[in-house]
Amino acid sequence: MRPTGAAADVLTSDGRIVAVRPVQPDDRTGLAALYRAGSPESLRLRFFGPPSGPALDVEVDRLCRPQSNRHLAVLALDGEQVIGVAACDRTDDIAEQAEFAVFVADAHHGRGVGTLLLEHLAALARRRGIQELVGEVLPVNQAMLRVARDLNARAWSRFGDNVVDVGIGTGTGTGTGRTSSTTDERDRTAERVSLHSLLQPASVAVVGAGRVGHEAVQALVGYGFTGRVHVVDATVQEVAGIPACASVAQLPAPVDLLVITVSGDQLLGVLADGAKVGVRAAVVLGRGFDPSRPEGRERQHELVEFARRHTIRLVGPDSRHHAGAGGAATAGRFGRTGRRRHS
């Protein structure tokens, strides 16, 4: 993990993609919405009591201060929505400790967002010479205490005055730099979950009934794929005995995997419809993404950005190799398994 000023795409424990980046001054609206949507209990755990509206405004102003040796803050985005924030502050430019705090939207608890935020914050703090992040946690906030313990092999905690003081080292040898077995296992689990729809889909929709589309459908049927197979093409009634649907948006949700054989100018519309029915992965076989041509490069960029916002794993564009359920190629012409990921 090498955080920079740009957003870093990371996997949550449920295999979805969120972006983590430093807080910027124009994040005030998103951060204010994050806090104002917080439940009374989540706000109590963060502020040790019910914060007033003006108190939340002060907190948002603090988070949006320019990044410096004394102040660092990172946030997590799910699409365009701010779903969590972590920050640390120290009293001068050379202190080895900085006080940290984390807040995650209620709807995103249990996804590992707080852990990801602290990992990025710790890496930024280490670059500023901060050796340890310290904070106060209410004893009933077991989730936060567990995050601190699992994040760092040498994390410490001390109970006193009805709060738990915690400390998390920022050094690469202390477990924060993704060296702990707990963190590694979490990463492996998230990666497996994120790829499940691509490699072991329960339902596949082939979009386009041209030659490639026909081959993809016939291969799925011929290789004994046991999940649901859909065909999407408004110009035909069926392919290989499977009735055709006019639009991806009309398919019964959820659809795990799209195999898209239409041209590049139609692709974003197909993916947008796919996002509505829960598509988590797509194999792009259509043409129109030649990177040597400006329009091809622009289409690739738009495709990748859309897939990231909607947490859709991609193979392609113009893929000819893909491992389907159980490792069998999804189409006979695709040959041996090979994958190219854009997100």
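The values are calculated or read from the model by the stated rules, or taken from the named source; none is laboratory data. Here the structure is a predicted model, which means the values were calculated and not measured. Glycine also receives a Cβ, built like all others from the backbone with ideal geometry; neighbour counts cover every protein chain displayed.
List of remarks:
- Only residues that are small (Gly, Ala, Ser), part of a loop (DSSP other than H, G, I, E, B) and within 20 Å of LEU34 (Cα to Cα) were counted across region 60-99, and they come to 1.
- Some residue of region 281-299 being within 18 Å of the chain's Cα centre (by Cα) and either at pLDDT 85 or above or within 18 Å of ASP233 (Cα to Cα) (or both): yes
- Within region 106-147, the set of residues being among the charged types (D, E, K, R), part of a helix (DSSP H, G or I) and either out of contact with any helix residue (DSSP H, G or I) (no Cβ under 6 Å at 6 or more places or on another chain) or buried (at least 23 other Cβ atoms within 10 Å of the Cβ) (or both) comprises GLU119, ARG126, ARG127, ARG146.
- Test: residue in region 73-81 that is at pLDDT 95 or above and farther than 16 Å from ARG21 by Cβ: no
- Against the conditions (1) touching a residue at least 24 places away in the same chain (Cβ under 8 Å); (2) out of contact with any Phe, Trp or Tyr (no Cβ under 8 Å at 6 or more places or on another chain); (3) surrounded by fewer than 24 Cβ atoms within 10 Å (Cβ to Cβ), ALA98 satisfies every one except (3).
- Pairing residues of region 219-238 that are of a type in the set (Lys, Arg) with residues that are surrounded by fewer than 19 Cβ atoms within 10 Å (Cβ to Cβ) and assigned to a loop (DSSP other than H, G, I, E, B), at Cβ distances under 8 Å and at least 6 apart in sequence or on separate chains, gives ARG228/ALA202.
- Among all positions in region 18-33, there is at least one residue which is over 18 Å from HIS310 (Cα atoms), basic (Lys, Arg) and at pLDDT 95 or above.
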